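J.: One structure coming up, written as structure tokens, with questions to follow.
Each value in this text was obtained by applying a stated rule to the coordinates, not by laboratory testing. A quick note: this is a predicted structure, and the numbers were derived from the prediction, not measured. Quick reminder, even Gly has a Cβ in these numbers, built from the backbone with ideal geometry, and neighbours come from all protein chains shown.
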Amino acid sequence: MKRSSKIKIRWGFIIFFVPVFLWLLFLLILPHIELLRMSFVGTDFYGKSGFTFENYWSFFKEPIYWRTFARTALYSITVTFLVLVIALPVAFYITKLAGTKIQGFLMILLLVPFWVSELIRVYGWIILLRESGAINYFLTKLHILREPIEMLYNDATMIMGLIYTNMLFMVIPIIGVMESLDDSLIEAAYDLGAKKTAIWAKIIIPYCLPGIMSGSIIVFMLVLGSYLTPKLMGGKNALWFTEQIYNQIITYFNWNQGAAFGFLLLLMSSLIIFVALKITRQKFTKVIK
Amino acid sequence: MKIALSVKNVSKYFGDFKAVDDVSFDVEDGKFFSILGPSGSGKTTLLRMIAGFYTPSEGKIEIQGRDMEGVEPNKRPVNLVFQNLALFPMMNVYENIAFGLKRRGERGKVVREKVEMMLDRVGLPGFENRKINELSGGQKQRVAIARSLVLDPGVLLLDEPLGALDAKLRENMKVELKKLQAKVGTTFVYITHDQSEAMVMSDYVAVMNHGHFEQVNTPQNLYNSPASSFVAQFVGDNNKFIVKIQKDERGNFSAVTKDNLQFRLDKPYDLEGDNIFEMYVRPESIMINPKEDPNKINSIEVEVKAILFDGGNSRILVVPKNSEKEIMVSLPQNRKYDYLRPKDTIKIGWYHSASVCFKGTGERVYEEIE
Ligand SMILES: Nc1ncnc2c1ncn2[C@@H]1O[C@H](COP(=O)(O)OP(=O)(O)OP(=O)(O)O)[C@@H](O)[C@H]1O
Ligand SMILES: [Mg+2]
């Protein structure tokens, strides 16, 4: 009896595991191994290909490459942080202050932007913000502006666009943990003499840290890997690193260089997440739950 | 004596509903004051007004002589031990207890010393680094109390802190809490729906019902001379009889049940209207086969229905001849009544002075008391 049931469990496991394994193998691991191999291949002067570090070398030699890289990293961290700063009070309002009816309504408000594709969303922003756009029209009509100004194509607009696009991915995990935060913990802190800032710093944020970290990881990865928003809303001379990869592979048809860049990006994002988890003393397995 | 807490004509409305109804009381410094009432009687609401989480709709609250109107909870010289304890799960025991001290700006050695002393007081020395989820129910209890007591509040408010514990631990914690209060000398205002908790621990007990105080007195006085039908039912156990009170030609009062059982009363009552009263006799004041002077006691012949053995709290259930009314009688466990068997016929009796009557309200606290 015992034995057969054990075997059954194994079968169930295998049936579940095989597709997952195949999916991981063919769509993730194999392509990445191939990319990794490609990133170490170079063609020499005579058109002969062979092993080389040249693709990685050129990244450090060309300032444009590592500057874009650093800029992308810095901006991604900034955007993640700003999203967090906005998401915390939003999540708090939705879980603790709003009534049940308003709660549902607010969640829908958060979700609605995701019913349209990223492209359409960005175009929406462009219609609003461009020189001949809606905002400029009203501001000049109301005589607040003498003449329309260009609001698109600068870093501030791009950051705003990235915040808007990724808000939901921070709010949802934070709401998840904040819902289980007992109101009486906040009251107890208040009763023990804590001010509002101390309640946030000592009770709410530490309690929500797993949600904050998982939200931050998701948002950070999404921002780091985003392409459309920086390309369409960002400044002309300020590239996002994904655009560099795109350029290498699609424009210059230099797959080897593109693969090397891809790996550098992966390395950097893993490193930043690792450091962030270490600093906040969170376990990865706990955060991704 | 200094007054630690003074509540003056306080009421609280939630919409049209009056959760607390014109409550007034004073608590002297260093006393253990309990508020006893059934679920939903407004105890938590009253306590939250004292702590500052609700503002009273009417009336005034003074703590240590200071009017508390407009004073935020984090500025009041009171601390609240929550019904569910509300310990901070992301902090260890030390951080929980030090939380309030740090908010006051205390730092370093002073904090450590105070926390250690407090843990000693509540009997948990060396527990500083324990996580909250590594504590038993009773230990959590003590940490919650220590967390508030360490701030040396003018008044410590406790909202049914023993509610979640099992019966044996509750018995234990009752005594512990009383001893702790005597040791630290802090004024305690303690909420409970368990009359035994209130009786054992308190200097004074307020009995609360439907948002108002029915009676405020020492546990002894509440037990011996309840001021209302509600108090008679809620504090201690009681046999309840629905009776009609009559006055005979010599001016003696007596109560008659609908089964025509007649009991003498030793006090006069105002006879107006239908004269329907509720009469209460405690199981403990009923004697089995009484040898007392028959002129001083009500005595009836009854049949033993059941023997309810419960150690020191044993009872017998008896029914008078020609009646259906069940009466609970205490059964002292001194082996004197070991011969009693169900269906035996015995005599029971109680002093005329042992029964009290109140004008019938028809209200029942719990169904089991009839
Ligand atoms: N915020 C509120 N809004 C509306 N009604 C409330 C609110 N808080 C309490 N009440 C009502 O006030 C009454 C008293 O509630 P309260 O919590 O004070 O009772 P309690 O005596 O503490 O009961 P328990 O022993 O069950 O804790 C209840 O009928 C409750 O429904
Ligand atoms: Mg309550």
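J.: Sorting B:Glu69, A:Glu54 on the 10 Å Cβ count, fewest up front, what's the list?
T.: On the way: B:Glu69 10, A:Glu54 17.
Fewest-to-most ranking of B:Glu69, A:Glu54: B:Glu69, A:Glu54.
J.: Under a point spin-label approximation (7 Å from Cα along Cα-to-Cβ), what is the A:Ile205-B:Asp26 distance to one decimal in nm?
T.: Roughly 4.8 nm, to one decimal.
J.: While we're looking at this one, here's another question. GNM on chain A, C-alpha springs below 10 Å: top fluctuator among A:Tyr46, A:Tyr75, A:Tyr65?
T.: Fluctuation is largest for A:Tyr46.
J.: Between B:Ser57 and B:Val175, what is the spin-label point distance in nm, taking each point 7 Å from the Cα along the Cα→C-beta axis?
T.: Label at B:Ser57, label at B:Val175, 4.4 nm between them.
J.: Only helical DSSP H runs with n ≥ 4 go in: add -39500 (n - 2.57) per run for chain B, normalise by residue count and round the 222 nm mean residue ellipticity to 500 deg cm²/dmol.
T.: -6500 deg cm²/dmol, from helical runs alone.
J.: For region A:9-94, what does the alpha-carbon gyration tensor say about shape, rounded, prolate or oblate, given a ≥ b ≥ c as the root eigenvalues, a/c under 1.5 as rounded, and a/b over b/c as prolate?
T.: Note, shape of region A:9-94 comes out oblate.
J.: In straight Cα distance, which lysines are under 17 Å from B:Lys2, not counting same-chain residues fewer than 8 positions off?
T.: Within reach: B:Lys31.
J.: Can you tell me, using C-alpha contacts under 8 Å and at least 6 residues apart, the relative contact order of chain B as a whole percent?
T.: Dividing the mean separation by the residue count of chain B yields 15 percent.
J.: Could I ask something else about it? Let me know the Rg and Dmax you get for region A:179-256 when you use only its Cα atoms, in Å.
T.: Using the Cα atoms of region A:179-256, the pair Rg, Dmax is 21.5, 65 Å.
J.: Given 5 Å bins starting at zero, what is the percent of C-alpha pairs of region B:237-369 in each, up to the one with the largest pair distance?
T.: Histogramming region B:237-369 at 5 Å steps yields 2, 10, 19, 23, 20, 14, 7, 4, 1, 0 percent.
J.: I want to make sure I understand the PRE zone here: with the label point 7 angstrom from the Cα of A:Thr197 toward its beta carbon, which residues in region B:104-133 have backbone N atoms less than 20 Å away?
T.: Within reach of a label on A:Thr197, which here means backbone N under 20 Å from a point 7 Å along Cα→Cβ, region B:104-133 contributes B:104-108.
J.: Can you give the FRET efficiency for A:Lys101 and A:Asn247, using 1/(1 + (r/R0)^6), R0 = 30 Å, r = Cβ-Cβ distance, to the nearest 0.05?
T.: The pair A:Lys101/A:Asn247 has a calculated efficiency of 0.05.
J.: Whole-Hz ³J(HN,Hα) for each residue in region B:39-44, computed from phi via Karplus 6.51 cos²θ - 1.76 cosθ + 1.60 with θ = phi - 60°, x for glycine and proline: what do you get?
T.: 4, x, 7, x, 5, 4
J.: A follow-up question, please. Taking only DSSP H segments of four or more residues, each worth -39500 (n - 2.57), what value at 222 nm results for chain A once the sum is divided by all its residues, to the nearest 500 deg cm²/dmol?
T.: On the way: 14 runs with 197 residues, N = 289.
Calculated from helices alone, the mean residue ellipticity at 222 nm is -22000 deg cm²/dmol.
J.: Next question, about the same structure. With labels modelled as points extended 7 Å from the Cα through the Cβ direction, what inter-label distance (nm, one decimal) is found for B:Ala167 paired with B:Asp344?
T.: Those two pseudo-labels are separated by 2.5 nm.
J.: Also, quick follow-up: How well do other chains shield peptide B:84-92, expressed as the mean number of their Cβ atoms within 10 Å of each residue Cβ?
T.: Mean shielding count: 5.
J.: Scan around B:Asn239 for amide H atoms under 5 Å from its own, H built in the peptide plane at 1.01 Å from N, and keep only partners 5 or more places away or cross-chain.
T.: Result for B:Asn239 returns B:Val281, B:Arg282.
J.: Something else about it: On full extension of the chain, what length is gained from A:Thr78 through A:Glu147, given 0.36 nm per residue of separation minus the C-alpha to C-alpha distance?
T.: Between A:Thr78 and A:Glu147, full extension yields 21.7 nm more.
J.: Then there is this: Determine Rg/Rh for region A:141-190; Rg is computed over alpha-carbon atoms and Rh is the Kirkwood hydrodynamic estimate from the same atoms.
T.: Numbers: Rg = 19.9 Å, Rh = 14.9 Å.
Taking Rg over the Kirkwood Rh, I get 1.33.
J.: With helices defined as uninterrupted DSSP H runs, which ones in chain A have an alpha carbon span along their own long axis of at least 24 Å and mean Kyte-Doolittle hydropathy of at least 0.0?
T.: Answer set is A:2-23, A:63-92, A:155-178, A:205-224, A:255-280.
J.: For region B:303-321 and region B:179-239, what is the separation of their Cα centres, given in Å?
T.: So the separation of the two Cα centres works out to 27 Å.
J.: Only Cα pairs within less than 10 Å get springs; with that Gaussian network setup on chain B, which residue of B:Ala144, B:Ala182, B:Ala86 has the largest fluctuation?
T.: B:Ala86
J.: In terms of the Cα gyration tensor, with a ≥ b ≥ c the square roots of its eigenvalues, is region A:52-287 rounded because a/c is under 1.5, prolate because a/b exceeds b/c, or oblate?
T.: oblate
J.: Let me ask another. Residue by residue, what Karplus-based ³J(HN,Hα) values in Hz, rounded to whole numbers, does region B:92-109 have, using 6.51, -1.76 and 1.60 with θ = phi - 60° and x for Gly and Pro?
T.: 7, 4, 4, 5, 4, 6, 7, 3, x, 4, 5, 5, 7, x, 7, 9, x, 4
J.: Which one, B:Tyr204, B:Thr187, B:Ile97, is farthest towards the positive end of the dipole of region B:81-226 when Lys and Arg carry +1 and Asp and Glu -1 on their Cβ?
T.: B:Ile97
J.: Nearest 0.05, what FRET efficiency do B:Lys131 and A:Ile29 give at R0 = 41 Å with Cβ-Cβ as r?
T.: Working from the Cβ atoms, E equals 0.60.
J.: Expected output is a single nm value to one decimal: the length gained when fully extending between B:Lys75 and B:Lys258, i.e. 0.36 nm times separation in residues minus the C-alpha distance. What is it?
T.: Here the segment from B:Lys75 to B:Lys258 would lengthen by 60.0 nm.
J.: Considering chain A as a Gaussian network with a 10 Å cut-off on Cα pairs, which listed residue, A:Arg146, A:Arg121, A:Arg130, attains the greatest mean-square fluctuation?
T.: Maximum fluctuation in the GNM of chain A, among the listed residues, is at A:Arg146.
J.: Output the Cα-based Rg and Dmax of the protein assembly as shown in Å, rounding Rg to one decimal and Dmax to a whole number.
T.: Looking at the protein assembly as shown, its Cα Rg and Dmax stand at 37.5, 136 Å.
J.: Of B:Glu95, A:Glu150, how do they rank once you tally other Cβ atoms within 10 Å and put the fewest first?
T.: Numbers: B:Glu95 17, A:Glu150 12.
With the sparsest Cβ surroundings first, the list reads A:Glu150, B:Glu95.
J.: Also: Which whole-Hz couplings ³J(HN,Hα) result when phi for each residue of region B:218-232 is put into the Karplus expression 6.51 cos²θ - 1.76 cosθ + 1.60, θ = phi - 60°, listed in order with x for Gly and Pro?
T.: Once θ is set to phi - 60°, the couplings for region B:218-232 become 6, x, 4, 5, 4, 6, 7, 9, x, 8, 8, 4, 4, 5, 4 Hz.
J.: May I have the pair-distance distribution P(r) for region B:3-227, computed from all Cα-Cα distances with 10 Å bins from 0 and rounded to whole percent?
T.: With 10 Å bins starting at 0, P(r) equals 8, 34, 36, 19, 4, 0.
J.: Now for a different question. If neighbour count is taken as other Cβ atoms inside 10 Å, put B:His352, A:His143 in order from fewest to most. Write out the running numbers ahead of the final one.
T.: Values: B:His352 17, A:His143 7.
In increasing order of surrounding Cβ atoms, one gets A:His143, B:His352.
J.: So if we plug the beta-carbon distance of A:Trp11 and B:Leu308 into 1/(1 + (r/R0)^6) with R0 = 56 Å, what FRET efficiency do we get, rounded to 0.05?
T.: The pair A:Trp11/B:Leu308 has a calculated efficiency of 0.45.
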